[in-house]
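Please read the structure below before turning to the comments.
Throughout, read-outs are computed from the coordinates displayed, never taken from laboratory work. No experiment lies behind these values; they were computed from the predicted model shown. Virtual Cβ from ideal backbone geometry, glycine too; neighbours counted across all protein chains shown.
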Amino acid sequence: RLDKTRAQQTKDRLMLTDSYNELAAAELIIESVPEIKELKSQVLAKAAEFANKKAIICTNTSSLSISELAHALPARRRLYGLHFFNPAPKMPLVEIVRGPVATDKTLGALSSGGNKPLGGRCSLLGHRICSEEIRAAHGSL
């Protein structure tokens, strides 16, 4: 856990926006729109257009293919999945998923907060586990 001072410093660095123009100064961009592939692809492509060339671009998808979403980006090496488990304020687990050609340097930056990559390249392991548990539960009815 972060102490109150460090938590406030972290909050002060966050910015919520619905304006692409404000993305130029961002180091990390996390897309969080509904789980509609076409919508996510459109938002990610537009974000990449306005973002600075060093920004890390993440999708908060819990079920869509990171590889397929990466095709929307001109710089696919910058795309990661960053899936926060619910309830996000209470769950310390963040699933970090590498895009198809993402770099180790970027992975290191995302993992620097103590989070460890879970699920490997292009796979949402948490979602896969939950899906299997749901299928098993339905099968036992």
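Computed quantities for the displayed model
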item: Peptide ranges 40-49, 77-86, 14-23 listed from the most packed, as the mean C-beta count within 10 angstrom indicates; result: 77-86, 40-49, 14-23
item: Proximal charge balance of residue 20 [Cβ under 12 Å; K/R count +1, D/E count -1]; result: -3
item: Cβ-based net charge around residue 76, under 12 Å, with every Lys or Arg adding one and every Asp or Glu removing one; result: +2
item: Gain on full stretching of the segment that runs from residue 19 to residue 104 - 0.36 nm per residue minus C-alpha separation; result: 27.6 nm
item: Dipole in debye (nearest 20) - the range 6-68, about Cα centre, beta carbon charges: Lys, Arg +1; Asp, Glu -1; result: 260
